[in-house]
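Report on the following structure.
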Amino acid sequence: MDIPKSHPRYESLLKREKIVEALDKGILAKAGLIAHGRGETFDYLIGEKTTDIALESIKAAAALLVLAENPVISVNGNTVALAKEDVVKLAKELNGKIEVNLFYRTREREEKIKKEFEKEIENGEIRLLGVDDANKQIPNLDSLRGKVSEEGIYTADVVLVPLEDGDRTEALIMMGKKVISIDLNPLSRTARKSTITIVDELTRCLPLLIKYVREYKNKSRDELEDIVNNYNNKENLKRMLNYIADRLKSLEID
Ligand code: PTJ
C-alpha cells in the first residue's frame, strides 16, 4: 500500500505495513499483531517520543553492552519485521552475535528469519545462532523459548531482549545473566524483571543505542561501571509510570 508521506500518522502506518508484510511472509507470529497493537497503545500514552527517562536506560544499556564479554541480541518475529537492519548494525558494533529465539517456534519461521539475515551471514559479519544449534535448555522455562544456543544465550553474560512476553527474562536472571529489555509497557513482567528496561519504541531507541555504544567504546571501564552502577531500574520504571500519569492529567482535548 502507498502511504502518503503527508499522512499525520505516516510513521505508525509504515510500521503496521512492515508488520503485516512480515505476517504474509511467514516471519511474524499471528500473536505478533496483537503485541504490536499493545505497543502502539503504550506509545500513545508515552507521547510517541523517547523520554529523558528512557534515554537514561539507553545509556546504561549501552555501557553494559560495551562492558559485556559475550553479549547476545535475541530476536523474535516482531523485531525482525521492524528493525532487522538496526539489529545487524548493533551486532556489528558488538561481537556479531544474534540469536533467533521464538515463543511460537516453528522450523518454517526459523528458516524464514534466517533467510532475512542471509547477506550478513555470508559476509561473515554476523553469527546467526539459535536456528540449527538450539541444543541447550534454559532451566525453569517450559516454553519453546527455553531452547537456546550454547554459543549464544546459554553462555552469554548480557542478553538484549527486544519486545517479548515475560516468561524468559526471569529465567535468564536466575541463570546469573544481565538482561536488557526494550518494552513500551513499563508494567510488563519483562520490564519489571530486567536488569535494565528501555521503555521506548524499538525502532526509535535502537539508533540511539547504537550511537551510545559507539561513543562509549572510548570510555574507560571505570566510567562505564559508574554509569551502570548509578542506574536503578525500579526507580526508572516508577519515574516512567509517573511521567505517563502526569502527562495524561495535563492533556487537553481540543
Ligand atoms: O516471534 P515470537 O514467536 O517469539 O512471538 C513474539 C510475540 C511478540 C508475539 C510474543 O513475545 C508476545 O506475545 O509478546 P507480548 O506478550 O505481546 O509482549 C510484547 C511486548 O512488547 C508488550 O509489552 C508490548 O507493549 C511491547 N511492544 C510491542 N511493540 C513494541 C513493543 N515495545 C517496544 N517497541 C515496539 N515496537
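What are the GluC sites (Glu not before Pro) within region 98-154 that DSSP puts in a loop, where the Cβ has at most 13 other Cβ atoms within 10 Å?
Working: sites: Glu99, Glu108, Glu110, Glu111, Glu116, Glu118, Glu120, Glu122, Glu125, Glu150, Glu151; in loops: Glu125.
Listed in order of number, the matching sites are Glu125.
So what is the relative contact order of the chain, in percent, for Cα pairs below 8 Å that sit 6 or more residues apart? Mind showing how you got there, number by number?
Values: 403 pairs, mean separation 59.8, N = 254.
That works out to 24 percent.
What value, in deg cm²/dmol to 500, does the helix sum -39500 (n - 2.57) over DSSP H runs of n ≥ 4 give at 222 nm once divided by the residues of the chain?
Details: 11 runs with 135 residues, N = 254.
Theoretical 222 nm ellipticity from helices: -16500 deg cm²/dmol.
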**Q.** Beta bridges by DSSP in the chain, antiparallel share as percent, to the nearest 5
**A.** 10 percent
Q. Counting other Cβ atoms within 10 Å, which chymotrypsin sites (Phe, Trp or Tyr not before Pro) in region 100-188 have at most 16 and lie in a DSSP loop?
A. Tyr104
Q. Taking the simple approach of a point 7 Å from Cα along Cα-to-Cβ for both Glu85 and Asn229, what is their distance in nm?
A. 4.0 nm
**Q.** Total formal charge among the other residues, if their Cβ is under 12 angstrom from that of Asp226, Lys/Arg +1 and Asp/Glu -1
**A.** 0
**Q.** Where only alpha carbons of the chain are counted, the Rg and the Dmax (Å)
**A.** 17.7, 56
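Calculate the translational D of region 104-168 in whole µm² s⁻¹ from Stokes-Einstein, where the hydrodynamic radius comes from the Kirkwood formula applied to all Cα pairs, the temperature is 37 °C and the viscosity 0.692 mPa s.
Values: Rh = 12.9 Å.
Estimated via Stokes-Einstein, D reaches 254 µm²/s.
Efficiency by 1/(1 + (r/R0)^6): what FRET value for Ala245 and Asp165, r their Cβ-Cβ distance, R0 = 25 Å, to the nearest 0.05? Spell out each step's value before the answer.
Numbers: r = 25 Å, r/R0 = 0.99.
My answer for the efficiency is 0.50.
Which trypsin sites (Lys or Arg not before Pro) in region 159-230 pass both tests, a DSSP loop state and at most 13 other beta-carbon atoms within 10 Å? Before the final figure, lay out each step's value.
Working: sites: Arg168, Lys177, Lys178, Arg189, Arg192, Lys193, Arg204, Lys211, Arg214, Lys217, Lys219, Arg221; in loops: Lys177, Lys217, Lys219.
Sites meeting the loop and neighbour criteria: Lys217.
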Q) In the structure shown, do any of Lys84/Lys178; Lys193/Lys249; Lys92/Lys217 have a Cα-Cα gap over 25 Å, and if so which? A) Lys193/Lys249
Q. When the chain is modelled as a GNM with alpha-carbon springs shorter than 10 Å, which of Pro139, Pro186, Pro162 fluctuates the most?
A. Pro139
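Values in this text are rule-based calculations from the coordinates and carry no lab data. All figures in this text were calculated on a predicted structure; none of them were measured in a lab. Neighbour counts run over all protein chains shown; Cβ positions are idealised from the backbone, glycine included.
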